[in-house]
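Each remark here refers to the structure printed beneath this line.
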Amino acid sequence: MQYDEKVLKAFLKEQTKLFPKPVADTMEEADDFLSECLAVVVDSKKAVWDYFDDAGADISEFNQENILNADEVFSVGDGRYLIVEC
């Protein structure tokens, strides 16, 4: 697995905030899906902001706090965030 257990559990629990129906039912399916999407795990709120800024995304409607509410951002629960862009 490329992603650790906490990351996979966070994605499985919250995946329907980004997708209309679940795309994975097991940790292995979640790992495969995230790997295909080239999902990224970052270690801070600022790193989430920097990720979108560096990618050239239009983040003008966000600030460094509310960007965490973006559909693509999943809190892992330990200070890290999973960013899924498919």
On full extension of the chain, what length is gained from Lys9 through Ile59, given 0.36 nm per residue of separation minus the C-alpha to C-alpha distance?
15.3 nm
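For the chain, what is the mean residue ellipticity at 222 nm derived from helices alone (per DSSP H run of n ≥ 4: -39500 (n - 2.57); sum divided by total residues; nearest 500 deg cm²/dmol)?
On the way: 3 runs with 31 residues, N = 86.
Result for the chain, helices only: -10500 deg cm²/dmol.
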Calculate the spin-label point distance for Cys37 paired with Asn69, positioning each point 7 Å from the Cα along the beta-carbon direction, and give it in nanometres.
2.0
Going Cα to Cα from Lys9, which lysines come in below 17 Å? Please leave out same-chain ones fewer than 8 positions away.
Lys17, Lys21
Output the Kirkwood hydrodynamic radius of the range 1-46, Cα pairs only, in Å rounded to one decimal.
10.9
On the accessible surface of the chain, probed at 1.4 Å, how many percent belong to carbon and sulfur atoms?
46
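Which order, highest average first, do 39-49, 57-67 follow once you tally other Cβ atoms within 10 Å for each residue and take the mean per peptide? Present the calculation step by step, with values, prior to reporting the outcome.
Details: 39-49: 16.3, 57-67: 11.5.
For the peptides 39-49, 57-67, the packing ranking is 39-49, 57-67.
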Let me check against my output: what whole-number percent is the relative contact order of the chain, with C-alpha pairs under 8 Å and at least 6 apart?
34
Each label point is 7 Å from the Cα along the Cα-to-Cβ direction; what then is the distance between the points at Cys86 and Lys17, in nm?
1.7
Any idea of the accessible area per residue across the chain, 1.4 Å probe, to the nearest Å²?
61
Working from the pairwise distances between different alpha carbons, so that the mean of 1/r is found and then inverted, what is the chain's Kirkwood radius in Å?
13.0
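The values are calculated or read from the model by the stated rules, or taken from the named source; none is laboratory data. Just so it is clear, the structure is predicted and the values come from calculations on it, not from any experiment. Please note: Cβ atoms are built from the backbone with ideal geometry, for glycine as well, and neighbour counts cover all protein chains shown. All accessible areas refer to the heavy atoms of the entire protein, side chains included, with ligands and DNA or RNA removed. Shrake-Rupley method; radii C 1.70, N 1.55, O 1.52, S 1.80 Å.
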